[in-house]
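Encoded as structure tokens, the structure appears first; notes follow it.
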Amino acid sequence: MPSSSSLPRDPYEVLGVARDANETTVKKAFRKLARELHPDVNAHDPDAETKFKQAAEAYEILNDADRRATYDRYGHEGLRSGGSSPNFDGFGSIADLFDAFFGGGGGFGAAGPRAGADQSAAVEIDLEQAAAGAAVDVRYEVVDRCERCHGNGAEPGTPIKTCDRCGGNGVLQAVSRTPFGQVARTVACDVCSGDGKIAERPCARCDGRGREMLTHAVSIDIPAGIAEGQRIRVAGRGHAGEPGAAGGDLYVLVSIRPHERFIRDGDDLITVLDVPAPAAALGAKFEVPTLEGSEDVHVRPGTQSGETLELRSRGMPLLRRPGRRGNLRVVVNVVIPRHLSDEQRRLFERLNETMTDNNTRSDESVFTKLKRALRV
Ligand SMILES: [Zn+2]
Ligand SMILES: [Zn+2]
């Protein structure tokens, strides 16, 4: 005995109808309740399934003149002795119950040709393209209408006949036993798959399915400032739907190739500038590459390895915020000369003899240096 029937409720009360309500009123009341409890509407209500079962049980009694008369005279006891108490336990979910009762979601306007599924594709772009924005061609595979038969499944020039099994309707009435007695469900014809028509000679290319896997190309606009791993949605470019239904969407995953000069850090870019030790000591002007070309920076005298110069607004553009850009951080790498010539060696030896504590004294504490080092 299902739990929902262990304490049977008065069916008139459940449906909220009067004792003398006619068939139409009972039907209306049940449909109204069912609509409120439909899983599409009421997925958040954990009791929806129980409530729907109660409503269905009540309807099952009041909609049947004999059962209703029995209930009116003897109550639930009378129905039980008849041995036909409904049992909903075979149904997995409220959605299945609805299907059984109304036939594949019918009556709620949800039926119709199925829309196509979404498809995904991937594209790799350069950092420059991510910075400037770009139109990029993407190739991807989707299920689409067969190009040979244009979707009708027949070899070109061969006749298409009406399906014998469904008489051209595309649907069959499948009668199944359920707690409500026999329920007729409308299902797609298994011979013509709902088309109502059959090709005498199936299309050689798609085997009569009317659909095939095709390679498509689409041009997508990549917005300036896009981040690694973002997806761009192209509406309607996914798998084709059934005839008359919309296609799915295409989601393009964008990844950005590593750049040889720049590392991206959010909206900022980071690059390294090699500065020979004498130039770092004396101070000098250097050309620093940017995304758009190059720019002069002044390395001040005494610049240490690991110090960062910041070029404001030379980083990545901010996504969908025109005119705003991150910064370019230039990390100085002081290069100690190697492979000295005789003259260089003499100069370094003379320089070394003149070195005093004042030359190596830092204005910064060790702690500040440590913090700076950890940042980069
Ligand atoms: Zn075909
Ligand atoms: Zn058919």
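Can you list the strands (runs of 3 or more DSSP E) found entirely within the range 292-376 that contain at least 3 residues being touching a Lys or Arg at 6+ places or on another chain (Cβ under 8 Å)? Can you show your working first?
Numbers: elements: 294-299, 308-311, 328-335.
So the answer is 294-299, 308-311.
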Checklist entry - Just wondering, is there one or more residues in the range 222-245 that are over 30 Å from Ala117 (Cα atoms), out of contact with any Cys (no Cβ under 9 Å at 6 or more places or on another chain) and modelled with pLDDT of 95 or more? => result no
Checklist entry - Restricting attention to the range 170-180, which residues are within 16 Å of ligand 2 (Cβ to nearest atom) and at pLDDT below 80? => result Ala174
Checklist entry - Residues that are touching a residue at least 24 places away in the same chain (Cβ under 8 Å) and within 22 Å of the chain's Cα centre (by Cα): which strands (runs of 3 or more DSSP E) entirely in the range 112-185 hold 3 or more of them? => result 119-125, 134-145
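Yes/no matrix, rows are residues, columns are (1) open to solvent by less than 80 Å² (accessible area, probe 1.4 Å); (2) within 16 Å of ligand 2 (Cβ to nearest atom):
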site: Gly168; (1), (2): yes, yes
site: Gln182; (1), (2): no, no
site: Met213; (1), (2): no, no
site: Ile222; (1), (2): yes, no
site: Ala235; (1), (2): yes, no
site: Ile263; (1), (2): no, no
Checklist entry - For the range 186-210, what are the residues that are more than 16 Å from ligand 2 (Cβ to nearest atom) and more than 38 Å from the chain's Cα centre (by Cα)? => result Arg201
Checklist outcome for this item: Screening Gly326, Gly306, Gly293 for residues that are in contact with a strand residue (DSSP E or B) (Cβ under 6 Å, 6 or more places away or on another chain) and open to solvent by less than 80 Å² (accessible area, probe 1.4 Å) leaves only Gly326
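Keeping to the range 131-166, report how many residues are open to solvent by less than 60 Å² (accessible area, probe 1.4 Å) and within 14 Å of ligand 2 (Cβ to nearest atom).
Going through the range 131-166, the residues open to solvent by less than 60 Å² (accessible area, probe 1.4 Å) turn out to be 131, 133-134, 136, 138, 140, 142-144, 146, 149, 151, 153-155, 158, 163, 166.
When the remaining residues are screened for being within 14 Å of ligand 2 (Cβ to nearest atom), the result is 153, 163, 166.
Count: 3.
Would a scan of the range 340-354 turn up a residue that is touching a strand residue (DSSP E or B) at 6+ places or on another chain (Cβ under 6 Å) and exposed (fewer than 14 other Cβ atoms within 10 Å of the Cβ)? Write out each step before concluding.
Step one: of the range 340-354, the residues touching a strand residue (DSSP E or B) at 6+ places or on another chain (Cβ under 6 Å) are none.
The answer is no, given that none of the residues of the range 340-354 is touching a strand residue (DSSP E or B) at 6+ places or on another chain (Cβ under 6 Å) and exposed (fewer than 14 other Cβ atoms within 10 Å of the Cβ).
Can you pull out the strands (runs of 3 or more DSSP E) entirely within the range 191-269 that have at least 3 residues that are of a type in the set (A, V, I, L, M, F, W, C) and touching a residue at least 40 places away in the same chain (Cβ under 8 Å)? Please lay out each step first, then the result.
Details: elements: 197-199, 211-222, 231-234, 250-256, 263-265.
It comes to 211-222, 250-256.
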Item to check | Within the range 17-64, considering residues that are exposed (fewer than 14 other Cβ atoms within 10 Å of the Cβ) and of a type in the set (Gly, Ala, Ser), the one modelled with the highest pLDDT | outcome: Ala18
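The values are calculated or read from the model by the stated rules, or taken from the named source; none is laboratory data. In this text the structure is predicted, and so the values were computed from the model without any measurement. Using ideal geometry, Cβ is built from the backbone for each residue, glycine included, and neighbour counts are taken over all protein chains shown. With ligands, DNA and RNA removed, areas are computed over all heavy atoms of the protein, side chains included. Shrake-Rupley method; radii C 1.70, N 1.55, O 1.52, S 1.80 Å.
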